[in-house]
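Participant: Pasting a structure below so you can have a look.
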Amino acid sequence: MPAVIAALAGLAWLREPAPRTPPAEPTPHENPLPEGPLEAGELTTRPIELPLPEGALHADECLRRWESWVFDPPLDAAVQQLRAAGLSDAMVTRAQASLHCDARECSLMPDDALVESLTPDGRAQLYRTLRRRGENRLQVYAYLREAQFGPWSAMQGLSPAVRDRLARGTWRDGDHYAFSDVPWLCNGLATDAERIEAIRVLRMRYSLAVTVTLPRGADLDAMVRYWSLGSPADEVRRTLMQAASTTRTVPLVELLPPMARAHLDRYPSAGEPSRDCFWTAAHFFDGSPRPAPPPDATTADHVAPWLRAQSDEVTAADARLGDVMALYADDGALVHTASVVAGNVVFTKNGHTQLRPWTLSTRDELRALYPHAPTVRFHRLRR
């Protein structure tokens, strides 16, 4: 269902003065409005699907080699988790023989037979536990699909073998369908075409279609202030006034800064530099009047110290357009960054590959993708 959120976000295309003619209005580096309140309007969101481009995948991307499951020690606790997942006594005994424990962890290499024996409820219980440890990549980075879209196995046009494997391997994690057992999926399919089909379905990406509504009696100046945090105020005002005289709604993309506007819901093209969440958050205001980040603000190693040195922490409630939402692991490592758009909506790129588009998401959805990064902070870069 669409969610309505009070919020806002920013616009930008730079204004080019006529040659040898002094600008009649303030330059993009000036905001002609006096200081005052910031208001958002109302954001209406609708989830959308972004299928991978045709031909983007190859059969060898269907992972067929298992990775170890890592449990908290001691051995008895790990065995108890396997029993709680509903495994038979014989399967628990078989698995226990392969469990290796030390003071830090217990590890078990699963196989197709072990995974095949899990019930949907047992799989969900076990994998929710495994997600608590970052080493369990297949569970931590499980493929997720909002329940409102329906399960992957209900999608149209699937071959019978792919549909069956997806149905049996899907588990529920709150409001999402989840899938982790990619080796079991790929090992059980007979052809490369089926493997490509299965991975393409699981790698369906998701974004939000968002519109901004001007409420009746809205403070237009307050809205201009918000959306012009990184954009020329006159351009923002024209966009909002046109909306006020017609439908009172604006597609959010028209209010985003230039970089975000150009990249939203787009997959990187061939030959385009590899970009991830850190570059995306650092360069959110590229093309706008805001100061540019340092050239090396492209990785966690560079962005983390930059945020510490060049930003102030703000509360989640006070976060506004362009503030950086940063997710940290328990050890303090920076795991993910996104740019606040307004309210609960953020702009992000979840991964550096060409198979990851730039999207809009909610803060809650983002946190669900990174369960091993429980600490969230909001940073406001200094001008």
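Participant: Of all residues being assigned to a loop (DSSP other than H, G, I, E, B) and at pLDDT 85 or above in the stretch 274-297, which is surrounded by the most Cβ atoms within 10 Å (Cβ to Cβ)? Just the residue, please.
Facilitator: 284
Participant: Only residues that are crowded, with 16+ Cβ neighbours inside 10 Å and in a loop (DSSP other than H, G, I, E, B): list them for the stretch 83-103, please.
Facilitator: 85, 86, 87, 99 - these are the residues of the stretch 83-103 that are crowded, with 16+ Cβ neighbours inside 10 Å and in a loop (DSSP other than H, G, I, E, B).
Participant: If I filter the stretch 256-304 down to residues being under 20 Å from the mean Cα position of the chain (by Cα) and either polar (S, T, N, Q) or not assigned by TED's automatic domain parsing to the domain that holds residue 340 (or both), which single residue comes out as farthest from residue 325 (Cα to Cα)?
Facilitator: Residue satisfying both the conditions and the ranking: 269.
Participant: Pairs needed: first member in the stretch 125-140, assigned to a loop (DSSP other than H, G, I, E, B); second member anywhere, among the small types (Gly, Ala, Ser); C-beta distance under 8 Å; at least 6 residues apart or different chains.
Facilitator: 131/142; 134/329; 135/68
Participant: Out of 160, 151, 120, I need the residue that is modelled with pLDDT under 95 and either among the hydroxyl-bearing types (Ser, Thr, Tyr) or closer than 25 Å to residue 204 by Cβ (or both). Which one?
Facilitator: The conditions single out 120.
Participant: Go over the candidates 43, 108 one by one and state the one that is of a type outside the set (Phe, Trp, Tyr), within 30 Å of residue 240 (Cβ to Cβ) and touching a helix residue (DSSP H, G or I) at 6+ places or on another chain (Cβ under 8 Å).
Facilitator: Sole residue among the options that is of a type outside the set (Phe, Trp, Tyr), within 30 Å of residue 240 (Cβ to Cβ) and touching a helix residue (DSSP H, G or I) at 6+ places or on another chain (Cβ under 8 Å): 43.
Participant: Still on this structure, please answer the following. Pick from the stretch 172-201 the residues that are surrounded by fewer than 17 Cβ atoms within 10 Å (Cβ to Cβ) and under 24 Å from the mean Cα position of the chain (by Cα): which of them is nearest to residue 115 (Cα to Cα)? Give the steps one after another, and end with the answer.
Facilitator: Of the stretch 172-201, the ones surrounded by fewer than 17 Cβ atoms within 10 Å (Cβ to Cβ) are 172, 174-175, 190-193.
Among the residues that remain, those that are also under 24 Å from the mean Cα position of the chain (by Cα) are: 172, 174-175.
On the way: 172: 16, 174: 21, 175: 23 Å.
Per the stated criteria, the residue is 172.
Participant: With respect to residue 276, is the statement that it is touching a His at 6+ places or on another chain (Cβ under 9 Å), within 18 Å of residue 359 (Cα to Cα) and in contact (Cβ under 8 Å) with a residue 60 or more places away in the chain true? Explain how you work it out, then say what you get.
Facilitator: On the way: touching a His at 6+ places or on another chain (Cβ under 9 Å): yes; within 18 Å of residue 359 (Cα to Cα): yes; in contact (Cβ under 8 Å) with a residue 60 or more places away in the chain: yes.
Judged against the criteria, residue 276 is a match.
Participant: Mind listing whichever residues of the stretch 226-261 are outside any loop (DSSP other than H, G, I, E, B) and farther than 26 Å from residue 359 by Cβ?
Facilitator: Once the filter is applied, which keeps residues that are outside any loop (DSSP other than H, G, I, E, B) and farther than 26 Å from residue 359 by Cβ, the stretch 226-261 yields 233, 234, 237, 238, 241, 242, 244.
Participant: Given (1) at pLDDT 95 or above; (2) buried (at least 17 other Cβ atoms within 10 Å of the Cβ), where does residue 62 come up short, assuming only one miss?
Facilitator: (1)
Participant: While we're here: Scan the stretch 18-39 for residues that are modelled with pLDDT of 80 or more and of a type in the set (Gly, Ala, Ser) and report the count.
Facilitator: 1
Participant: Please tell me if residue 215 is modelled with pLDDT under 95, within 31 Å of the chain's Cα centre (by Cα) and surrounded by fewer than 22 Cβ atoms within 10 Å (Cβ to Cβ). Quick ask: steps written out before the conclusion?
Facilitator: Details: modelled with pLDDT under 95: yes; within 31 Å of the chain's Cα centre (by Cα): yes; surrounded by fewer than 22 Cβ atoms within 10 Å (Cβ to Cβ): yes.
Yes; evaluated as a whole, the condition is true for this residue.
Participant: Has the stretch 107-115 got any residue that is in the same structural domain as residue 179 (by TED's automatic domain parsing), among the polar types (S, T, N, Q) and not in a helix (DSSP H, G or I)?
Facilitator: Within the stretch 107-115, one or more residues are in the same structural domain as residue 179 (by TED's automatic domain parsing), among the polar types (S, T, N, Q) and not in a helix (DSSP H, G or I).
Participant: Identify, please: which residue in the stretch 67-82 is assigned to a helix (DSSP H, G or I) and not hydrophobic (A, V, I, L, M, F, W, C) and is, among those, farthest from residue 185 (Cα to Cα)?
Facilitator: That would be 76.
The values are calculated or read from the model by the stated rules, or taken from the named source; none is laboratory data. It should be emphasised that the depicted structure is a prediction, and the values quoted were computed from it without experimental measurement. Cβ coordinates were reconstructed from backbone atoms using ideal geometry, including for glycine residues, and neighbour counts include every protein chain displayed.
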